[in-house]
């Protein structure tokens, strides 16, 4: 079955950091993972920027495993904003960046 990574970079609305973090960690991740095909999720905080320009301070990486990626995406889009996939007013939607990558090569580890 094909495997994918969905990466989402985002920022909280100014002054609403605590609300953003609470919603993302305690509500949003669980609601996204309730969607068939979504396997796991983890959040990250920006430590340093390696290129010039602005980078959102938070990243979420979702693992997806499905034969029907378009169906998973339709499910997410169809539920977004409903009670089953709440969107907090504490997330700055103007700065969200999201993409999906299909696994393309094997994992390479250090020796």
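Please treat every number below as a calculation from the coordinates, not as lab data. Quantities reported herein were computed from a predicted structural model and do not represent experimental measurements. With ideal geometry, Cβ positions are generated from the backbone for all residues, glycine too; neighbour counts draw on all protein chains shown.
Laid out as a table, the results:
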| item | result |
| --- | --- |
| Additional length obtainable on full extension of the chain from residue 54 to residue 3, 0.36 nm per residue less Cα span | 15.4 nm |
| Structure-based [θ]222 nm, the chain - -39500 (n - 2.57) summed over DSSP H runs of at least 4, per residue, nearest 500 | -5500 deg cm²/dmol |
| Label-point gap, in nm, between residue 107 and residue 39 - each point 7 angstrom along Cα→Cβ | 1.0 nm |
| Relative contact order (%) - criterion: Cα under 8 Å, at least six apart; region: segment 3-102 | 50 percent |
